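The values are calculated or read from the model by the stated rules, or taken from the named source; none is laboratory data. In this text, all values refer to a predicted model and were calculated from it rather than measured experimentally. Here the Cβ positions follow ideal geometry from the backbone for every residue, glycine too, while neighbour counts run over all protein chains shown. For accessibility, only protein heavy atoms count, side chains too; no ligands or nucleic acids. Shrake-Rupley method; radii C 1.70, N 1.55, O 1.52, S 1.80 Å.
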Amino acid sequence: DVKVTQSSRYLVKRTGEKVFLECVQDMDHENMFWYRQDPGLGLRLIYFSYDVKMKEKGDIPEGYSVSREKKERFSLILESASTNQTSMYLCASTSVSFNQPQHFGDGTRLSIL
Amino acid sequence: GNSVTQMEGPVTLSEEAFLTINCTYTATGYPSLFWYVQYPGEGLQLLLKATKADDKGSNKGFEATYRKETTSFHLEKGSVQVSDSAVYFCALSDNAGGFKTIFGAGTRLFVKA
């Protein structure tokens with residue numbers, strides 16, 4: 001089975017801090033994604049990556065950056081955390097074919113105080 | 001652009017009731033369609049999928065049929081259980097959308113004993 005592992009289930013940080021969320025997948029998937037999930041807004045794509053060192057902006061990239069130095073790892077970075085970035089963050093991965101499903105981690109619930 | 005619309009929740013049913021969650025889509029290409037389920041405290045997981053018109057996806061008693069003429073992919077289950085309480089997401093991906101998946105807003109289902 002594909003496993004997508006997010007480094008933290010819960011995280012509390014302060015306004016202005018630089019925050020790193022880590023995601024690792026074990027199925028050699030080319031594509032990886034970061035979403036945030038908020039009540040009433042569904043899933044919104046922040047960034048995705050289709051290869052090592054490659055990244056593309058999603059629908060809401062402002063205030064975030066990403067890093068993909070190795071195929072299995074995709075990091076989301078909040079450059080200077082703000083309270084409106086309090087949310088559930090979900091990482092996902094998939095293979096190159098568009099008709100394959102995405103595989104999700106269990107999420108990181110991030111609170112910015 | 002591509003989009004997915006699903007019925008708003010929450011949906012509250014008694015155990016053994018019939019479930020329908022409506023989903024319609026717009027897509028410029030030839031999409032694959034998915035239903036994902038999110039149990040409390042977890043990430044999304046694939047429930048079922050269909051990759052071409054008239055395909056029926058099924059899993060754990062849930063079914064959905066890919067209807068190109070009505071651009072729909074409604075989720076059904078004949079007899080729900082308390083353990084089916086979760087949030088259900090309809091989603092699509094297609095060759096015109098690259099590697100991205102478009103998710104509906106999600107429908108929360110409560111099943112009472």
Taking B:Asn22 and the conditions (1) more than 30 Å from A:Arg109 (Cβ to Cβ); (2) in contact with a His (Cβ under 7 Å, 6 or more places away or on another chain), which numbered condition does it fall short on, given that it satisfies the others? (1)
Count of segment A:6-40 residues which are more than 21 Å from B:Phe99 (Cα to Cα) and aliphatic (A, V, I, L, M): 4
Among the residues that make up segment B:52-60, is at least one of them touching a Gly at 6+ places or on another chain (Cβ under 9 Å), open to solvent by 50 Å² or more (accessible area, probe 1.4 Å) and farther than 16 Å from B:Asp84 by Cβ? no
From the list A:Pro101, A:Pro61, which residue is modelled with pLDDT of 95 or more and open to solvent by 10 Å² or more (accessible area, probe 1.4 Å)? A:Pro61
State which residue is modelled with the highest pLDDT when the search covers only segment A:1-17 and only residues that are more than 12 Å from every other protein chain (Cβ to nearest Cβ) and within 15 Å of the chain's Cα centre (by Cα). A:Leu11
Does A:Gln25 count as open to solvent by less than 80 Å² (accessible area, probe 1.4 Å), facing chain B (nearest Cβ under 10 Å) and within 15 Å of B:Leu44 (Cβ to Cβ)? no
B:Val111 - would you say it is part of a strand (DSSP E or B), of a type in the set (Val, Ile, Thr), touching a residue at least 24 places away in the same chain (Cβ under 8 Å) and over 24 Å from A:Thr94 (Cβ atoms)? yes
Check on A:Ser95, under 25 Å from B:Ser3 (Cα atoms), hydroxyl-bearing (Ser, Thr, Tyr), touching a residue at least 40 places away in the same chain (Cβ under 8 Å) and surrounded by fewer than 20 Cβ atoms within 10 Å (Cβ to Cβ): yes
Among (1) buried (at least 20 other Cβ atoms within 10 Å of the Cβ); (2) at pLDDT 95 or above, B:Gly43 falls short only on (2)
